[in-house]
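The values are calculated or read from the model by the stated rules, or taken from the named source; none is laboratory data. Bear in mind that the values here come from a model prediction, so they are computed numbers and not experimental data. As a convention, Cβ positions derive from the backbone with ideal geometry for all residues, glycine included, and neighbour counts pool all protein chains shown. Just so you know, the surface numbers come from the protein's heavy atoms only, side chains and all, with ligands and any DNA or RNA stripped out. Shrake-Rupley method; radii C 1.70, N 1.55, O 1.52, S 1.80 Å.
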Amino acid sequence: MIRSIPAASMLLLATLASANEPAPAIPRLTPPELAISLTETVYIPAQVSLLEHTGRLTGQIAALCATPSSQRLQDSRAAWVSANQAWRRIDAVRMGPSRREDVQNQFDPWPFDEKTVAKKMRDTPQDPTSQPALAASRELKQGLPALEYLLFGNGAPEAAPLAAKKIDAACRYGLWVSAGVARRAQELIYEWQGLRRGLNYDPSYPRPFLSEALTRAVAGLRELAGWKLANQTEAPRRQDFPDWRAGVSKRSLDSGLDMVERTLLGVGGGAGFDDFLATRGKDEAIDGLKVRLANARIAVAGLPDDLSSAEGERRYAQRRLNELADYIAGPLAEALGIPLS
């Protein structure tokens, strides 16, 4: 006679059986899925932010020139800082359309030449926001550094050209430059949207896209650790660092490193390179990446606002940023199976 098995025993047997079954495999994140996610959640939002902030900067400068006041000047300076930080995020990874030299020259030429600004002021169109003027602004090669100079001056903000209580050529020139970079920011969004559509139709493109993303992250980190931290200058001055007139050199480093981290780890629910590794069981590589990202974050956070005042902290930050770049270019790229371009 077969005796019935108690329900509790049946439940125990079922639990033991399920414990011995292998866990279901996590679906692998494919290169097209990762490339599309990075485009939609990291790169295009960064371009939209640049458009929003350069557009706001143009409006603030127009208001300052229409009715000069100390409050409007402060508002314009704050708008410049926001626009500049939006650019610094893009500058740190310079992917796709944003990588072109003509884009770099329009937004952030280096070195900045005050004599060229003085000359271009004399050539400013009477209507600096007209369509012909905006087309001509693509060749200015002055961009955000020129606007920084107009708003903040050279270490004496009260003497900055746009701090004057009158309307003159500096106002028209400032509008010409700011409206030009805002227009270019809009064009870059269109170009990125076209690149996004192309990811749907060209199955051979996602891997080179991801390779470029890694390559540009490494190059951006090298720049942060290199000339942006004056690594070749024995006794650097404030003016040896980008964005020194506005006093945001350290903040710009933070913005650049933040964008590199967004590229590697994803943002806003989107996928990052860590998710690509996780679906392949390569948790050790993820841990190594996050440790080096944290080290770089701590080192940059430890920098003073005046980067020229603390050599020890600068050298430490340079070392940590380069360690992160080395890890991405070596162990991380190897674990991903995506070589740098």
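Worth pointing out:
- Any hit, region 191-211, residues being touching a Lys or Arg at 6+ places or on another chain (Cβ under 7 Å) and either touching a residue at least 40 places away in the same chain (Cβ under 8 Å) or not small (Gly, Ala, Ser) (or both): no
- Identity of the residue in region 208-236, open to solvent by 20 Å² or more (accessible area, probe 1.4 Å) and hydrophobic (A, V, I, L, M, F, W, C), that ends up nearest to the chain's Cα centre (by Cα): ALA219
- All conditions in (1) without any contact (Cβ under 8 Å) to a residue 60 or more places away in the chain; (2) more than 23 Å from the chain's Cα centre (by Cα) hold for HIS53, with the sole exception of (2).
- Residue check: VAL81 meets all listed conditions (1) over 30 Å from LEU38 (Cβ atoms); (2) open to solvent by less than 30 Å² (accessible area, probe 1.4 Å) but one, namely (1).
- Pair list, Cβ under 6 Å, 6 or more apart: region 313-337 residue without any contact (Cβ under 8 Å) to a residue 24 or more places away in the chain, other residue surrounded by fewer than 18 Cβ atoms within 10 Å (Cβ to Cβ): GLU313/GLY302
- Within region 71-102, considering residues that are free of Cβ contacts under 8 Å to residues at least 24 places away in the same chain and assigned to a helix (DSSP H, G or I), the one farthest from VAL181 (Cα to Cα): GLN71
- Within region 51-70, the residues that satisfy the criterion of being of a type in the set (S, T, N, Q), open to solvent by 40 Å² or more (accessible area, probe 1.4 Å) and assigned to a helix (DSSP H, G or I) are GLN60, SER70.
- Scope region 265-295; condition open to solvent by less than 50 Å² (accessible area, probe 1.4 Å) and either free of Cβ contacts under 8 Å to residues at least 40 places away in the same chain or in a loop (DSSP other than H, G, I, E, B) (or both); matching residues: LEU265, GLY266, VAL267, GLY270, ALA271, GLY272, ASP274, THR279, ILE286, LEU293, ALA294, ASN295
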